[in-house]
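Visitor: Dumping the structure here so I can ask a few things about it.
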Amino acid sequence: MVHRFRVLILVGLATLAADQVTKYLAVSRLTEALDGRAGLARVEGFFSEQNLDNDPPVAGAYRRSTRPYRFIENYWHFRYVENPGAAWGLFANLPESVRRPFFHLVSLVALGFIFFMYVRLTPEQRMTRWALALVTGGALGNFVDRLLRGYVIDFIDWHWRNQPGMRWPTFNVADAAICVGVGLLLLDSLFERKPVESVTPGGQVV
């Protein structure tokens, strides 16, 4: 049984870890939220502080992108962003009392559906196995953010020379893992092997 879920567990947990570590680095390097702390106190602050000066919490009010980093000028920057909504900021304006339960429910339903799909895979569906594991890890990464803070931490900013309409929505490692996983699922569906037909001595195709 454990062998059957090995890819899901290992790849999912590795993706979750990479996502949370990079988000910690984003908070640590791109904002002032953890300044003046050292060692485990920085890690504890990353997981525990949730815009404490606001009731109800307001995304962006506690941690601000005070130190954006230009990795590749005009194309790739690291910029701290708090996204209380879904992709492209969808549903970000919903009331807090509605938004949090809604996204928690959606995340749990999505994870349940992924698990349902995974247990039905055959041993030959290796690409699908990896794809679902990546999507699981990415979904868990963003779910942890919403559970702890009520918003998702984004920090990867791709754009083309700051031209209007040429900026990809800021994203994170979890989002990237989900996109790669979905891409693998699409590739697998395009190149899905069809069962080999055989002909009986009587001429019938089986």
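Visitor: Rounded if a/c is under 1.5, else prolate if a/b beats b/c, else oblate: with a ≥ b ≥ c from the C-alpha gyration tensor eigenvalues square-rooted, which is region 124-178? Let's see the in-between values first.
Guide: Values: a/c = 4.47, a/b = 1.41, b/c = 3.16.
Since a/c reaches 1.5 but b/c is at least a/b, the shape of region 124-178 is classed as oblate.
Visitor: Something else: Can you work out the Karplus-derived ³J(HN,Hα) for every residue in region 26-41? Use 6.51 cos²θ - 1.76 cosθ + 1.60 with θ = phi - 60°, whole Hz, and x for glycine or proline.
Guide: 5, 5, 5, 9, 9, 10, 9, 4, 9, 4, x, 10, 9, x, 5, 5
Visitor: If you take the charge dipole of region 82-157 about its Cα centre, with +1 on Lys and Arg Cβ and -1 on Asp and Glu Cβ, which of Leu94, Phe113, Phe155 is farthest toward its positive end?
Guide: Phe113
Visitor: Return the distance in nm (one decimal) between the two label points of a simple spin-label model at Val21 and Cys179, each offset 7 Å from Cα along Cα→Cβ.
Guide: In this crude label model, Val21 to Cys179 measures out at 2.2 nm.
Any read-out appearing in this document is the output of simple, stated calculations on the displayed coordinates, not a laboratory observation. What you see is a predicted model, and the numbers here were worked out from it, not measured in a lab. With ideal geometry, Cβ positions are generated from the backbone for all residues, glycine too; neighbour counts draw on all protein chains shown.
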